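The values are calculated or read from the model by the stated rules, or taken from the named source; none is laboratory data. This one's a predicted model, so the numbers in the text were calculated from it and none came from an experiment. Note: ideal-geometry Cβ built from the backbone for every residue, glycine included; neighbour counts use all protein chains shown. What goes into the accessible areas is simple: the full protein's heavy atoms, side chains included, and nothing from ligands, DNA or RNA. Shrake-Rupley method; radii C 1.70, N 1.55, O 1.52, S 1.80 Å.
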Amino acid sequence: MWRSPRTGRALDFDTPHSLSDGQTERWPVVDAIPYLRTESEGLVALALDCLDAGDEEAALVALLTDQDPWWTGPATDLDELRELVRRRDEVSLREAMALLRFGPVADYFAHRWSDPTYLAGLALLAAHWTQPATAFELAGGIGHFARALGRMGVACTSSDIVFSKCWLAKTFVAPDAEYVVFDAKDDWPLGDRRFDLVHCQDAFYFLPGQQRVADRLRGARKPGGLLAIGHLHNAAVEDGPLGPARGAREWAALFAEAAVYDERDLRAALLDARAPVPVEWSDNPAIEAWGIVEPARTPRAVDGPLAVPGSGAGWRENPLLTRSGPVWPSPRYELEYGREATWTNPAATTPPQRDRRLVDLPERW
């Protein structure tokens, strides 16, 4: 099923806990998550040594130390990770992220179910819904979209460069999805697998080698499949973008055949249960970010259980909204998401599930 990120050779199980190319490579598999990240040879070797010795918990602790290459926050603490592994069946998602020392990233993940970027991504998918049987997501984080797609009956394969994110997704958020850890700059381990839906949300803008990544995302689609990419930062945005960005001309060169949407209109389409309106690429400073789909298709109304989950949803009052108004996790969070948040008006007449005054949280949130 998987391919080596170094050579492209087929990988098969040589033990219940490792994959091998039958020659020189072995890769650990912990909690059914293959760890295929190159440039982490020491961690790979340590995890394999633990697994070969029969100590799966030690292997899990080792892989939970993994982080993004750009990470500047605190290092993990081994005692805290051992506590997390020991109490994995009783801690909440937020407690787990605290023990992983996710810092401000924990705020992002804990409240992503109502943040404007996530809602724009959901609206982008809902507006071009084709009832896919399979989906692949790049930089899937802790499984927010995998959970939404799984509820729609989609068999989702989610990837990330960080093991702990895939592990959180599998443990707390979307346990039925398939997960794999690899670096997007390497050869992708998908082999000849192709998917009805391929997407990348709130991550493509900071990935290196964007032309190569875009081509690989296109290559992972089945014939007739859909590619969706959310939150492409606009370099011309007023007050400057919050992260790496390109101008409209640069994005247009990468996605010349795409249907393009202003994320503000994607959110408005979700609130109004209407179809979003495609736009032309432009250096409009009022546009923070765009979402795109390839091939371009006529959008439908943003409605149905992907946009507003129905049966099985765990609706609760948005924990960021009090009777006196919003309470932000941090000034940074408010700066990034506060202005475009859809749920901050307690007197809104929009259905609370649609604007996310009520949020669909996982059971152990």
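Spacing of the modelled spin labels on R86 and R194, each 7 Å from Cα toward Cβ, amounts to 5.1 nm. When its C-alpha radius of gyration is set against 2.2 N^0.38 Å (N residues), segment 14-82 gives a value of 1.13.
The phi torsions of segment 167-179, fed into the Karplus equation with coefficients 6.51, -1.76 and 1.60 and a -60° offset, translate into couplings of 5, 4, 4, 5, 7, 10, 10, 9, x, 8, 6, 9, 10 Hz, rounded to whole numbers, with Gly and Pro shown as x. Measuring nothing but alpha carbons in segment 278-318 and taking Rh as the Kirkwood radius, the Rg to Rh ratio lands at 1.12. If I take every Cα pair under 8 Å that is 6 or more residues apart in the chain, average their sequence separation and divide by the length, what percent do I get for the relative contact order? This gives 16 percent for the chain.
Just the protein heavy atoms count here, and of the accessible area of the chain at 1.4 Å, carbon and sulfur take up 50 percent. Rolling a 1.4 Å probe over the heavy atoms of the protein chains gives the chain an accessible area of 42 Å² per residue.
Helix 263-272 and the longest principal axis of the C-alpha atoms of the chain enclose an angle of approximately 70°.
Evaluated at 37 °C with a viscosity of 0.692 mPa s, what Stokes-Einstein diffusion coefficient in µm²/s does segment 67-120 have when Rh comes from the Kirkwood expression over alpha-carbon pairs?
267
Computed log10 I(q)/I(0) for the chain at 0.08, 0.10 Å⁻¹: -0.39, -0.62, from the Debye equation with unit scatterers placed on every C-alpha and solvent omitted. Across segment 195-271, the volume of the C-alpha convex hull divided among the residues equals 105 Å³ per residue. In units of the rule-of-thumb radius 2.2 N^0.38 Å, segment 131-194 shows an alpha carbon radius of gyration of 1.04. Working ranking of peptides 113-123, 275-285 by packing, defined as the average number of other Cβ atoms within 10 Å per residue, highest first, is 113-123, 275-285.
When the Cα atoms of segment 211-338 are aligned to their principal axes, the ranges along those axes come out at 46, 39, 25 Å in descending order. Per-residue ellipticity at 222 nm from helix content only, as computed over the chain with -39500 (n - 2.57) for each DSSP H run of at least four residues, stands at -7500 deg cm²/dmol.
Across segment 10-143, Cα-Cα pairs farther apart than 20 Å form 58% of the total.
By the equivalent-ellipsoid construction on the alpha carbon gyration tensor, segment 297-342 comes out with semi-axes of 27, 17, 8 Å, ordered largest to smallest. Here the Karplus curve 6.51 cos²θ - 1.76 cosθ + 1.60, taken at θ = phi - 60°, turns the phi angles of segment 208-213 into couplings of x, x, 5, 4, 5, 5 Hz, with x standing for Gly and Pro.
Global size of segment 276-354: 16.1, 45 Å for Rg and Dmax (C-alpha atoms, Rg to one decimal, Dmax whole).
Relative contact order of segment 180-238, taken over Cα pairs closer than 8 Å and 6 or more residues apart, is 42 percent.
Antiparallel versus total DSSP beta bridges in the chain: what percent is that, nearest 5?
Details: 25 of 44 bridges.
The antiparallel proportion sits near 55 percent.
Couplings 3J(HN,Hα) for segment 131-137, derived from phi with the Karplus relation 6.51 cos²θ - 1.76 cosθ + 1.60 (θ = phi - 60°), are 6, x, 8, 9, 8, 10, 10 Hz, where x marks Gly and Pro.
Summary of packing: across the peptides 69-75, 165-171, 331-337, the per-residue average of other C-beta atoms within 10 Å ranks them, highest first, as 165-171, 331-337, 69-75.
Using only side-chain charges placed at the Cβ, +1 for Lys and Arg and -1 for Asp and Glu, the dipole size of segment 56-99 relative to its Cα centre rounds to 80 debye. More than 20 Å apart: what percent of Cα pairs in segment 91-182 qualify? It works out to 33 percent of all Cα pairs.
Close amide H contacts of R9 (hydrogens built in the peptide plane, cut-off under 5 Å, sequence separation of 5 or more or a different chain): S4.
Using 0.36 nm per residue and subtracting the Cα-Cα separation, the extra length available between A347 and T38 on full extension is 106.2 nm.
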